[in-house]
Amino acid sequence: MTKPTRSARPFIRSLLCAGIALFAGCASSVPENYEHYPIPARERQLFLDDLLLGAVHNVERVIHQPAKYEGNPVLRADRPWEGASIQIRSAPVWDREDQLYKMWYFGPHKTGLATSSDGLHWRKPVLGLREHEGSKQNNMVVVEEDPEAFIQHVILDPNARPERRYKGLTGWRNRRPLVSSDGLVFHLLDVPAIPSQDESHLNYDEKEQRYIATVKQRGPFGRSVYLSTSSDFESWTPPMLIFHADGLDQELGRQRIREHLANPKLYTPLINQPDEYNVEIYNMPVFPYEGTYIGLPNFFESSGRTPPPHNNQDGVNSVKLAASRDLLRWTKVGNRGSFIPVSDFNDRNLDSVQILAASRPLAVGEELWFYYTGINRRYNPDGGGEGGIHLARLRRDGFVSFHAADEGGFVETRAIRFEGSRLFVNADASEGEVRVAVVNARGREVLAGWEPEKCAPIRGDHPRTEVQWQDRELQSLAGKTVRFRFHLRGAHLYSFWLEP
């Protein structure tokens, strides 16, 4: 397996000399007018937004892309019922009882199950449940009340009653909740459907104990993302608009379409009408991660409308990055650059035109594994393109880092109410070092004994390492309001957290 830090490729760098970094977004997700911020124990603090930022000096914010797995696609269409393209919207789940990863994917209006022991090599077990072309020798799952239904989303709920252990959504237009005891035979719930167009995502928020559905509906610039939640998987809130393209997205999108068309290695859309260039949000999975919510919005950068009878649009779909603290106000991270970009257009790559992320990454060791659909066409008058299931891997917490070159710089937090006795960081100091100072609440004076010179230097690449000082114990600061100042030299800082 490749080393996560080296595999995560930075794609946007924003130089910050002083003050607080500003990320463009639909609306700021940073609360105002607070004096200090209590950090929950063991909850890692990332730098996706500016909530914890105080002063910064001579550092740059770096956004990292996950590295695409060299064995992609990990699953491709090779069964009679699958056609030329298969897709996923839900990430695989780890079934502890069966000691297997399970992935529900779909082809032309049918859903199949694939299993794996390692998340890389997948098999399609014969289930014998649904007939196709006179045979049940296939891996298709079934909705008992509607044998023709296909399932776009499946999640595993280990805390649910046995008969509701698996939960999902079905329906081409609008989403109907369904449940299953085994993930093979599903049953529709007698509850109202969630209003939706043809795209959606489903996740479970473990901390808040609620189900999150993000559905596609119309917004200010076309396709947009709406939120519906439920505490019981039966009663759902009316969908609310939470994420959409804006004027800046249109400006950047037109520029990116022109850059895309000028690159001979990339796919050339069949339709190119500059006066019709447009950006919409095709879908967006939303998942909780270390005290925040991360979105993987699919930006559809359209190069023009397709002729009848298709009546759609040509262009490119790619995954970008967003963050929120409350599910309602979102920050578009990284100057709105691609988080998982399309690959070069050639005979090997299926993910060269459309990339659609699954619902959430899997935590595997010190990496995050992002599964996604990759398709090599958007519009084709002679028929659809080929598509398969792909994988990209990122170091844990590796979405964003602060980096200082050899001359050094620092990142200082806002005032934090310190609870705990140990401070940890996720940092890559392979080419330098990290030291930490403790500063008073106003951010003006370094506390005596807590100077960076008295901090043991952190060198090397460490997804998890403890910060220590000479003759000082952090527990002596318990209950006080302080700031941490991270001094970086030739190093990346990804996250920090407190432990008892």
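General observations
- If the convex hull is drawn through the Cα atoms of the range 202-275, its volume per residue in Å³: 150
- Computed from Cα atoms, the angle from the helix 247-262 axis to the main principal axis of the chain rounds to 70 degrees.
- DSSP-loop GluC sites (Glu not before Pro) across the range 233-277, with at most 14 other Cβ within 10 angstrom: 234
- The base-10 log of I(q)/I(0) for the range 164-223, evaluated at q = 0.30 Å⁻¹, reads -1.24 [Debye formula, identical scatterers on Cα atoms, solvent excluded].
- Shape box of the chain [Cα atoms, principal axes, largest first, Å]: 79, 54, 42
- From the alpha carbon centroid of the range 198-253 to that of the range 151-192 is 19 Å.
- Take the chain and mark each of the chymotrypsin sites (Phe, Trp or Tyr not before Pro) that is in a DSSP loop with at most 14 other Cβ atoms within 10 Å; the longest unmarked stretch, sites excluded, is 173-500.
- Under the combined filter of DSSP loop state and at most 12 neighbouring Cβ atoms within 10 Å, the range 384-478 retains these trypsin sites (Lys or Arg not before Pro): 442, 444.
- In this rough spin-label picture, where each label sits 7 Å from Cα along the Cβ direction, the residue 235-residue 419 distance is 3.1 nm.
- Using a Förster distance of 51 Å, the FRET efficiency for residue 262-residue 41 (Cβ separation, nearest 0.05): 0.50
- Cα→Cβ-extended label distance, 7 Å offset, between residue 58 and residue 197, nm: 5.0
- Each part gets one Cα centre, and for the range 472-500 versus the range 367-421 those centres are 24 Å apart.
- Length added when fully stretched, residue 475-residue 129, from 0.36 nm per residue minus Cα-Cα: 118.7 nm
- Loop-located trypsin sites (Lys or Arg not before Pro) in the range 66-157 whose Cβ has at most 13 other Cβ within 10 Å (DSSP): 96, 136
Values in this text are rule-based calculations from the coordinates and carry no lab data. Bear in mind the structure is a predicted one, so any value in this text is a computation, not a measurement. Neighbour counts are summed over all protein chains in view; Cβ atoms, including those assigned to glycine, are modelled from backbone coordinates with ideal geometry.
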